[in-house]
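A.B. asks: Okay, here's the structure, questions in a sec.
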Ligand SMILES: [Zn+2]
């Protein structure tokens, strides 16, 4: 069974995750902008970062350039489409796609009677669309979610094949962690994803 989409689910830590800005001493004023390394694109920080608008083409291109320079993945020129949806709907979409693409009896690990997992983003490979939770904003932690899903878009457009869904996750989480490191954070600090959890999420062990 091969899922048609790739979802990112995290703990509740995301919403309130605090970020430390690299190289800042206590008492120094915090910068209100951050230039994405290797690009001249600046992302706003602080309260001005909040935005419910879809990521701009310039932001998507800058993040794509950063991803290609940071991890072993060739960039693609085709941009993904974006849609916003409530978190519960993201779970329905994600598992609906899996159910639609699964043969009878092939589903494991999904019980529709259980509460929806805390899915904050989802990449639909068939429509090349990144679905973001409707509380997504342009802050650095939320942008790390965009980085993660952009990696899946790159993988999809390039037609890369992986032995299991977890193997596809490896590069996505690697890029996301490197992005968070730009802000003095990481997957564990921002999302509560510890080393053992990451081992399970990124290796073909099932
Ligand atoms: Zn993923």
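The values are calculated or read from the model by the stated rules, or taken from the named source; none is laboratory data. Being a predicted model, the structure only gives us computed values, none of them experimental. Cβ coordinates were reconstructed from backbone atoms using ideal geometry, including for glycine residues, and neighbour counts include every protein chain displayed.
A.B. asks: Among residues belonging to the stretch 155-181 that are part of a helix (DSSP H, G or I) and away from the ligand (no atom under 12 Å from the Cβ), point out the one that is surrounded by the most Cβ atoms within 10 Å (Cβ to Cβ).
C.D. replies: Result: 179.
One line per residue, one yes/no per condition, for (1) surrounded by 13 or more Cβ atoms within 10 Å (Cβ to Cβ); (2) at pLDDT 90 or above; (3) away from the ligand (no atom under 16 Å from the Cβ); (4) more than 26 Å from residue 168 (Cα to Cα):
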| site | (1), (2), (3), (4) |
| --- | --- |
| 4 | yes, no, no, no |
| 40 | no, yes, yes, yes |
| 44 | yes, no, yes, yes |
| 52 | no, no, yes, yes |
| 57 | no, yes, yes, no |
| 61 | yes, yes, yes, no |
| 66 | yes, yes, yes, no |
| 75 | yes, no, yes, no |
| 84 | yes, yes, yes, no |
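A.B. asks: Also, I was wondering about something else. Which one of these is closer than 27 Å to residue 45 by Cα and either within 16 Å of the ligand (Cβ to nearest atom) or at pLDDT below 90 (or both): 140, 112, 117, 80?
C.D. replies: Within the list 140, 112, 117, 80, the selection yields 80.
A.B. asks: Moving to a separate point now. Residue check: is residue 184 in a loop (DSSP other than H, G, I, E, B), modelled with pLDDT of 90 or more, more than 15 Å from the ligand (Cβ to nearest atom) and more than 20 Å from residue 37 (Cβ to Cβ)?
C.D. replies: Taking the combined requirement at face value, the residue does not satisfy it.
A.B. asks: Looking at 194, 134 in this structure, which one is surrounded by fewer than 19 Cβ atoms within 10 Å (Cβ to Cβ) and touching a strand residue (DSSP E or B) at 6+ places or on another chain (Cβ under 8 Å)?
C.D. replies: 134
A.B. asks: Let me ask something else. Could you tell me whether residue 143 is assigned to a helix (DSSP H, G or I), touching a residue at least 12 places away in the same chain (Cβ under 8 Å) and closer than 29 Å to residue 33 by Cβ?
C.D. replies: Considered against the rule, which asks whether it is assigned to a helix (DSSP H, G or I), touching a residue at least 12 places away in the same chain (Cβ under 8 Å) and closer than 29 Å to residue 33 by Cβ, residue 143 comes out as yes.
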